[in-house]
Amino acid sequence: MDDRKLHIFLDSLLPLFKAGVAYTIPLALVSFALGLLLAVVTALVRLSSWRIPQLIARFYVWVIRGTPLLVQLFIIFYGLPSVGIVLDPFIAAVIGFTLSVGAYSSEVVRAAILSIHKGQWEAAFSVGMTRVQALRRIILPQAARVSVPPLSNSFISLVKDTSLAASITYVEMFRTAQQITATTYEPLLLYCEAALFYLLFCSVLSVLQNMLERRFDRYSAR
């Protein structure tokens, strides 16, 4: 690496890191939190006996899982203005990622709930709990432990997927790399540097995931 490239590499470290911490991670956290809430609601609706809401939930999951996330973001940010709905890039990104997380994670949550033995329901009913109380106090806490690994993987994937927000002008880490590239004309260097930061963030999250899994394992039956 020559002196010019080394200078560009060092000068871009702080802007990329700041963009990751100030924009990429918050976008992922907000989207995942809202998406997880949507996933729980969707999963419960799909497991309910309410026919119409169940069909709506199935349709939502089918559409989101069957179309590319990038296309969804383009529809939300570039398509909706044609019908008078103009959204800020951050809001558009949050909506797109929330819908995506909600659809995929709802299947994880639904499978986790179904994995709980029916004896747990019977035990809850035997002590006078209603279905809602049994779900809140007995079933969902156990399902949460089962779903931690796949949901953690979904969050790590979401951190990487936030790079797609650059396509709708949201200035996160990858968009920052694009902006620096436009003035330095060093795309290989800057994009590799951005990739290293994504790798760093995801590696840290993987360590936290392992710690969380070990913590939940303490409460599992042996």
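What follows draws every value from the coordinates through simple rules; no lab data is involved. Note that this is a predicted model, so its numbers are computed, not measured. Here Cβ is always computed from backbone atoms with ideal geometry, including for glycine, and neighbour counts include all displayed protein chains.
Using Cα-only point scatterers and the Debye equation, what is log10 of I(q)/I(0) for the chain at each q in 0.14, 0.15 Å⁻¹, rounded to two decimals? At q = 0.14, 0.15 Å⁻¹ the computed log10 ratios are -0.94, -1.03.
Please state the charge dipole magnitude for region 3-103, taken about the Cα centre, from unit charges on C-beta atoms (+1 on K and R, -1 on D and E), reported in debye and rounded to the nearest 20.
360
When each of the peptides 95-108, 115-128, 189-202 is scored by how many other beta carbons lie within 10 Å of its residues on average, the order from highest to lowest is 95-108, 189-202, 115-128. Put in order of Cβ neighbour count within 10 Å, fewest first, the listed residues 211, 129 become 211, 129.
Segment residue 88..residue 120, full-extension length gain: 7.0 nm, with 0.36 nm per residue of separation and the alpha-carbon distance subtracted. Selection among 55, 116, 16 by position relative to the dipole of the chain gives 116 as farthest towards the positive end (Cβ unit charges, Cα centre).
For the pair region 1-68 and region 193-218, the centres of their Cα atoms are 16 angstrom apart. Sorting 86, 41 from the fewest to the most surrounding beta carbons within 10 angstrom yields 86, 41.
Dipole magnitude for region 3-217: computed about the Cα centre from +1 point charges on Lys and Arg Cβ and -1 point charges on Asp and Glu Cβ, it is near 880 debye. Along its first, second and third principal axes, ordered by size, region 47-155 spans 56, 31, 23 Å in Cα coordinates. Helical content of the chain, expressed as a calculated mean residue ellipticity at 222 nm, amounts to -25000 deg cm²/dmol (DSSP H runs of 4 or more residues, -39,500 (n - 2.57) each, divided by residue number, nearest 500). Shape call for region 12-106 from the C-alpha gyration tensor, a ≥ b ≥ c root eigenvalues: rounded (a/c under 1.5), prolate (a/b greater than b/c) or oblate? Because a/c hits 1.5 or more and a/b fails to exceed b/c, region 12-106 counts as oblate. Rounded to the nearest 10 degrees, the angle from helix 51-66 to the longest Cα principal axis of the chain is 30 degrees.
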